[in-house]
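Structure first, then comments.
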Amino acid sequence: MINLYSYTGPVMEFDQVIHSNWHGETLATSEQKAKNNLTYQFKKQFGKLAYTKIKLVGKLVKED
């Protein structure tokens, strides 16, 4: 089953906060897939390279 996940919060690059309140949404079958989708979205939006270590440190919300 595909669910809508959203994230609002800080984003870290190599253990340093680079965005304090980023928001993203994605459709995914699991929370882990949603995190992967959202980090990919962030990298594309801000022109980061694929190997850049991006971490979402806030809580992912599963929308009903």
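Observations on the model:
- Single residue of segment 18-43 satisfying the filter (surrounded by fewer than 17 Cβ atoms within 10 Å (Cβ to Cβ) and over 11 Å from the mean Cα position of the chain (by Cα)) that is farthest from residue 62 (Cα to Cα): 18
- Of the residues making up segment 5-17, just one is over 13 Å from the mean Cα position of the chain (by Cα) and either of a type in the set (D, E, K, R) or within 11 Å of residue 62 (Cα to Cα) (or both), namely 15.
- Top-ranked residue in segment 53-64 [being more than 10 Å from the chain's Cα centre (by Cα) and at pLDDT 95 or above; ranked as surrounded by the most Cβ atoms within 10 Å (Cβ to Cβ)]: 61
The values are calculated or read from the model by the stated rules, or taken from the named source; none is laboratory data. No experiment lies behind these values; they were computed from the predicted model shown. Here the Cβ is made from the backbone with ideal geometry for all residues, glycine too, and neighbour counts use every protein chain on show.
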